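The values are calculated or read from the model by the stated rules, or taken from the named source; none is laboratory data. Note that the structure is a prediction, hence the values are computed from the model and not measured. Cβ sites come from the backbone with ideal geometry, for glycine too, and all protein chains shown count toward neighbours.
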Amino acid sequence: MELHKLRRVYIEFAEIVFRDGFLDNQYTQLQQLQDESEPKFVLQVGTLFLEDSEKLLNELRSILDQQDVDFEKLDAFVRKLTGSSASIGAKRVKDVCMTFHDCCKKGSKEGCRKCLQQLAAEYRLVKRKLETLFKLETQILAAGGSVPLLSQ
Amino acid sequence: MSSPRGGDKERGRDGERQIHVLAVDDSPVDRAVIAKLLRSSKYRVTAVDSVKKALELLGTEPNVNMIITDYSMPEMTGYELLKRVKESPTLREIPVVIMSSENDPDKINRCLEEGAEDFLLKPVRPSDVSRLCGRMRS
């Protein structure tokens, strides 16, 4: 696909991603940090986020599988995911984390289970969006272009 | 010849002395973001994933102009790092900034009372880093 079409596809896709709340302006802030010294910064941070989130979700599942749930430990992992999702701009994941945090504070096992299900679902969705964005960004750069800055 | 604690800076490419910031965060995502934010402001950055590693580094590398640390970490928290730094005669002049994703007034006040230079809510923005510029240990 030629460069200007790639850029258009990227912008149109990103507009939907932002409109639907999967990502927020924090993602744009990360794009603005990207420079010649770290030309793949957003891809690197995004990849870290996806890898780290998988680990955190596994930890959450493991804690909730216990008969006696350690809500403090659970909350500590939820806070980690809250922080990293906020740092990448994964707004919907962050929002579910906030609800999850409240359930941890209340010590509600059932509430936490529901939050985990919702969190896993939101994570899968944002993962697909991010992977598509990264693929398009890589194609744009390979075609000699620059990645358009996105905004909410 | 080294300057008093915290006063020595490595030289950047143009011969200017670079400010050295120690960033502490167990989240790889947050660590990457804060390190990039600081590097974009031309600071030299060492990023570690635990308070234990931060204290080891401070014991061997005295030339740190600021510490910026996450509050919530396993084993030792950023608050405990802050206390250790402020209790140390050799480290206490180093400004310590705390980061957290929680907007907890009690936590914030506790850190400021213990001598934290500032408390930043995550996600940390470029404007937050700009605000720290004049408060680095010279």
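Annotation: of all residues in the stretch A:1-29 being under 14 Å from A:Lys91 (Cβ atoms) and charged (D, E, K, R), the one that is surrounded by the fewest Cβ atoms within 10 Å (Cβ to Cβ) is A:Arg19. Among all residues of the stretch A:52-74, there is at least one that is under 30 Å from A:Gly145 (Cβ atoms), within 18 Å of the chain's Cα centre (by Cα) and modelled with pLDDT of 95 or more.
Residue by residue, here is whether (1) farther than 26 Å from B:Tyr71 by Cβ; (2) within 10 Å of chain B (Cβ to nearest Cβ); (3) of a type in the set (Phe, Trp, Tyr) holds:
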residue: A:Leu6; (1), (2), (3): yes, no, no
residue: A:Phe18; (1), (2), (3): yes, no, yes
residue: A:Asp24; (1), (2), (3): no, yes, no
residue: A:Gln44; (1), (2), (3): no, yes, no
residue: A:Ser62; (1), (2), (3): no, no, no
residue: A:Val69; (1), (2), (3): no, no, no
residue: A:Asp75; (1), (2), (3): no, yes, no
residue: A:Thr82; (1), (2), (3): no, yes, no
residue: A:Lys91; (1), (2), (3): no, no, no
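The residue that is surrounded by the most Cβ atoms within 10 Å (Cβ to Cβ), among those in the stretch B:83-115 that are farther than 20 Å from B:Lys52 by Cβ and among the hydrophobic types (A, V, I, L, M, F, W, C), is B:Ile108. Taking the listed residues B:Met73, B:Met66, the one that is touching a Pro at 6+ places or on another chain (Cβ under 9 Å), crowded, with 16+ Cβ neighbours inside 10 Å and of a type in the set (A, V, I, L, M, F, W, C) is B:Met66, with no other qualifying. Listed by first and then second residue, the pairs linking a residue in the stretch B:7-36 that is closer than 16 Å to A:Gln29 by Cβ to a residue that is in a strand (DSSP E or B) and modelled with pLDDT of 95 or more, with Cβ atoms under 6 Å apart and 6 or more places separating them unless they lie on different chains, are B:Ile34/B:Ala23; B:Ala35/B:Ala23; B:Ala35/B:Val45; B:Ala35/B:Ala47. Of everything in the stretch A:30-42 that is surrounded by fewer than 19 Cβ atoms within 10 Å (Cβ to Cβ) and in contact (Cβ under 8 Å) with a residue 60 or more places away in the chain, the residue that is nearest to A:Gly145 (Cα to Cα) is A:Pro39. Whenever a residue of the stretch A:97-125 is under 17 Å from A:Leu57 (Cβ atoms), its partners that are surrounded by 15 or more Cβ atoms within 10 Å (Cβ to Cβ) and acidic (Asp, Glu), lying with C-beta atoms within less than 6 angstrom and at least six residues away or across chains, give the pairs A:Cys104/A:Asp75. Within the stretch B:25-40, being at the interface with chain A (Cβ under 7 Å from one of its Cβ atoms), closer than 20 Å to B:Pro74 by Cα and not aliphatic (A, V, I, L, M) holds for B:Ser27, B:Pro28, B:Asp30.
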